[in-house]
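Quick notes on the structure that follows.
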Amino acid sequence: MRLDQIAATAMNQLVGRIIRRAAAAAVMVVFIVVALYQFTVAGTIALEMQHGALNAHLIVAGIYIVLALAAFAAFWMMRPKATADGMPAVSQPREMQLIMLVEAVMLGYALARKK
């Protein structure tokens, strides 16, 4: 086997694995959405018996709003922090080493192309 055939075979196996995992994740998401819908309907019916139809729907909507705000807060907390000059902060020395290595490679490539 030639090197390009080996690389193509490895790439096909990697892409196939990624596609299979993505399909499994999509099926799980569909099942989670269906289960969430069923729990919402059951909860609404149970609340209707105690508080009436309108209040039951308002309670369920309030729960979803609280969950959405919690998810928004989690995404807000995970955003990359920026320094005073607007550039993203690098928190790990290993990340800084990688950035410096990439800059050195880019500078070397630029200098090698100059005549």
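The values are calculated or read from the model by the stated rules, or taken from the named source; none is laboratory data. A quick note: this is a predicted structure, and the numbers were derived from the prediction, not measured. Don't worry about glycine lacking a Cβ; one is built from the backbone with ideal geometry, like all the others, and counts go over all protein chains shown.
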Inset, instruction - Kindly indicate whether any position in the stretch 80-100 is of a type in the set (Gly, Ala, Ser) and at pLDDT 80 or above. - result: no
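For (1) surrounded by 10 or more Cβ atoms within 10 Å (Cβ to Cβ); (2) outside any helix (DSSP H, G or I); (3) at pLDDT 95 or above, each residue gets a yes or a no:
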site: Met1; (1), (2), (3): no, yes, no
site: Ala7; (1), (2), (3): yes, no, no
site: Met11; (1), (2), (3): yes, no, no
site: Val15; (1), (2), (3): yes, no, no
site: Ile19; (1), (2), (3): yes, no, no
site: Phe75; (1), (2), (3): no, no, no
Legend entry - Filter pass, Ala35 being out of contact with any Cys (no Cβ under 7 Å at 6 or more places or on another chain) and either part of a strand (DSSP E or B) or modelled with pLDDT of 95 or more (or both): yes
Legend entry - Matching option when the condition is hydrophobic (A, V, I, L, M, F, W, C) and either loosely packed, with under 10 Cβ neighbours inside 10 Å or on the phi > 0 side of the Ramachandran plot (or both), among Leu111, Leu58, Leu36, Leu69: Leu111
